[in-house]
Amino acid sequence: MKYAAIQNYIGGKFVSPAASRTMDVVSPLDGNHLSTVPMSSSKDLDDAVQAAKAAFPAWSRTPIKERVQVFFRYKYLLEKNLKELAELCSEENGKTYGESVAEIEKCIELTEFATSLPQLVTGEVLEVSKGVECRTEHVPLGVVASIVPFNFPSMVPNWTIPNAIALGNCMIIKPSEKVPLSCGRLAEILKEAGLPDGVFNIVHGDTEIVEAICDHPHIEAVSFVGSTKVAKIVYQRATHNYKRCLALGGAKNHLMVLPDAIPGMTAQNVAASMSGCAGQRCMAASAMVGVGNIDHIIDKICDEARKIVPGENLGAVINKESQQRIEKYITEAESNGAKILVDGRNTKVAGKEGGTYVGPTVIDYVTPEMSVAKEEIFGPVISIMRTNTVDEALAIENANPYGNAASVFTQNGGMARYIIDRASAGMIGVNVGVPVPREPFSFGGWNESKFGVGDITGKSSIEFWTKLKKSTTKWNAEAGVNWMS
């Protein structure tokens, strides 16, 4: 075991959980045993809530201009420790080192946005009548929680940590039990940056902790990122207990490729979108809809896919179960009449035989009723469907229940606008394979990709992590009285 047994982080200290049950943490890169992670109990969660409650009065009363100073230092420390954080991310998640570097760089950008919050939450004030003033202020909620997935061990936690805490809340985070190491390192960096004890806490575990978070009477808001199936359960359970909840689910993102698309650029974007982070991201291109004759572009996509080499510029999928599930999708598509143009099954990386890899896979002549066309595969697989018109392509895209992203590849500006206006997705790309907005623009999909109001990052997140306090004041009695006062 490379690392010491993982502990919870409560009140500024790493502490052993009350429960004794643990799970092994295994690197997808080579199958090496990294550590063990505790499956905490509701008692452990309550300890974290009590620590957060104790820290909240002082932290929430600290002026926001002072709170964000922690995140100026945090940003510097992320930059200083970038190499170490990227290596840890790659080791526990399986993505390439370059992808892990990009993940930490995104954490830095998210933190940079949080440092700008004093300029964005100034509130409003207006003299509404002679001598009468109305004012609004953004007030923190209290103790909040984030439940985060395995695919981005550092980035998704940082979707919520900087904003929620800078806005005055105290936070409990439940990392994925598959990738628990990065969050512990983030806790150490936050403490080094000067964050007071109890403001940030970590409770490791499985379903029991997720349910306990949804049920705890002193947790005011819950954010979740994961599969749509679980996102629905979390949203229903949390809101049933009168909490705010923003739950992000899965996706089936469609790339629409028109005959006038630039072949080389399109092929590079499609291949990178479907294979980046081994396809384990909710913004990955999972389905492509070709309009008209695009055989020349498909040929180039296959050429680009063959340049993607597992163990070199393609990382591992998270575990053996995921590897088997992805390969099952490919085999089922083939048996149903689809044509496998590039086959990533049965992939082994020399010297890393214990790793869990799936090679880039391109499947042509997929029909909309096939599983690979409808379901989230979460692997480096692109399913190609063919249509004659843009409206047919849009009908396929809009028939899918998800709504994270859609992209179109074309050189026709009018046609791009036509698709932007009609695609049922929260994030749209034009000649962009992964249309994730940069800060301060927010991340969030539609339909069954998101449950709750608002987005999880950017300006939109302010409304989720705060509540408005409205005050009306009058001091000068000589101003008189009218209907407004």
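The values are calculated or read from the model by the stated rules, or taken from the named source; none is laboratory data. Since the structure is predicted, the reported quantities are computational estimates derived from the model, not experimental observations. In this analysis, Cβ positions are derived from the backbone assuming ideal geometry, glycine residues included, and neighbour counts consider all displayed protein chains.
Structure values in brief
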quantity	calculated
GLN268 being touching an Asp or Glu at 6+ places or on another chain (Cβ under 7 Å), surrounded by 15 or more Cβ atoms within 10 Å (Cβ to Cβ) and assigned to a helix (DSSP H, G or I)	yes
Matching residues in the stretch 311-337 - criterion: being closer than 15 Å to MET274 by Cβ and without any contact (Cβ under 8 Å) to a residue 60 or more places away in the chain	ILE326, TYR329, ILE330, ALA333
Residues located in the stretch 354-379, provided they are part of a loop (DSSP other than H, G, I, E, B) and free of Cβ contacts under 8 Å to residues at least 40 places away in the same chain	TYR365, THR367, PRO368, GLU369, MET370
From ALA86, ALA51, residue being within 30 Å of SER275 (Cβ to Cβ) and either in contact with an Asp or Glu (Cβ under 9 Å, 6 or more places away or on another chain) or among the hydrophobic types (A, V, I, L, M, F, W, C) (or both)	ALA86
Qualifying residue in the stretch 194-208 (condition: touching a strand residue (DSSP E or B) at 6+ places or on another chain (Cβ under 8 Å), of a type in the set (Asp, Glu) and closer than 30 Å to ASN476 by Cα)	no
Criterion violated by THR410 - all others in (1) within 23 Å of the chain's Cα centre (by Cα); (2) over 20 Å from ALA284 (Cβ atoms); (3) in the same structural domain as MET274 (by TED's automatic domain parsing) satisfied	(1)
Criterion (buried (at least 22 other Cβ atoms within 10 Å of the Cβ) and either over 24 Å from ASN319 (Cβ atoms) or not assigned by TED's automatic domain parsing to the domain that holds SER27 (or both)) met by exactly one of LEU120, LEU110	LEU110
Wholly within the stretch 1-101, helices (runs of 4 or more DSSP H) carrying at least 3 residues that are of a type in the set (Phe, Trp, Tyr)	64-80
Checking THR207 against (1) free of Cβ contacts under 8 Å to residues at least 24 places away in the same chain; (2) at positive phi, the condition it does not meet	(2)
Residues satisfying the stated conditions in the stretch 362-372, i.e. over 22 Å from ARG306 (Cβ atoms) and either charged (D, E, K, R) or crowded, with 24+ Cβ neighbours inside 10 Å (or both)	GLU369
Entirely in the stretch 382-485, the helices (runs of 4 or more DSSP H) that have 2 or more residues that are in contact with an Asp or Glu (Cβ under 9 Å, 6 or more places away or on another chain) and either free of Cβ contacts under 8 Å to residues at least 12 places away in the same chain or surrounded by 14 or more Cβ atoms within 10 Å (Cβ to Cβ) (or both)	413-422, 460-465
Per-region count, the stretch 234-265, residues part of a helix (DSSP H, G or I) and in contact with a strand residue (DSSP E or B) (Cβ under 9 Å, 6 or more places away or on another chain)	7
Residue satisfying condition, being surrounded by fewer than 24 Cβ atoms within 10 Å (Cβ to Cβ) and at pLDDT 95 or above, within set VAL203, VAL139	VAL139
Residues of the stretch 289-303 classified as in a loop (DSSP other than H, G, I, E, B) and loosely packed, with under 14 Cβ neighbours inside 10 Å, total	1
Close pairs (7 angstrom Cβ cut-off, 6 or more residues apart or separate chains): on the phi > 0 side of the Ramachandran plot in the stretch 271-295, assigned to a strand (DSSP E or B) anywhere	ALA278/LEU314; GLY279/VAL381
Unmet criterion (only one of (1) among the basic types (Lys, Arg); (2) farther than 30 Å from GLU321 by Cβ; (3) surrounded by fewer than 21 Cβ atoms within 10 Å (Cβ to Cβ)) for ARG21	(2)
For ILE189: the one exception among (1) touching a residue at least 60 places away in the same chain (Cβ under 8 Å); (2) of a type in the set (Val, Ile, Thr); (3) surrounded by 24 or more Cβ atoms within 10 Å (Cβ to Cβ)	(3)
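Each row is one residue, and each column tells you yes or no for (1) buried (at least 21 other Cβ atoms within 10 Å of the Cβ); (2) not aromatic (Phe, Trp, Tyr).
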position: SER227; (1), (2): no, yes
position: LYS232; (1), (2): no, yes
position: GLN236; (1), (2): no, yes
position: TYR242; (1), (2): no, no
position: LEU248; (1), (2): yes, yes
position: ALA251; (1), (2): yes, yes
position: PRO259; (1), (2): no, yes
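Listed here are the residues, each with its yes/no results for (1) at pLDDT below 95; (2) touching a Pro at 6+ places or on another chain (Cβ under 8 Å); (3) crowded, with 23+ Cβ neighbours inside 10 Å.
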| residue | (1), (2), (3) |
| --- | --- |
| PRO38 | no, yes, yes |
| ALA58 | no, yes, no |
| LYS75 | no, no, no |
| GLU87 | no, no, no |
| TYR97 | no, no, no |
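Conditions (1) farther than 28 Å from ASP299 by Cβ; (2) at pLDDT 95 or above, marked per residue:
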| position | (1), (2) |
| --- | --- |
| SER371 | no, yes |
| THR389 | no, yes |
| SER407 | no, yes |
| GLY444 | yes, yes |
| GLY454 | yes, no |
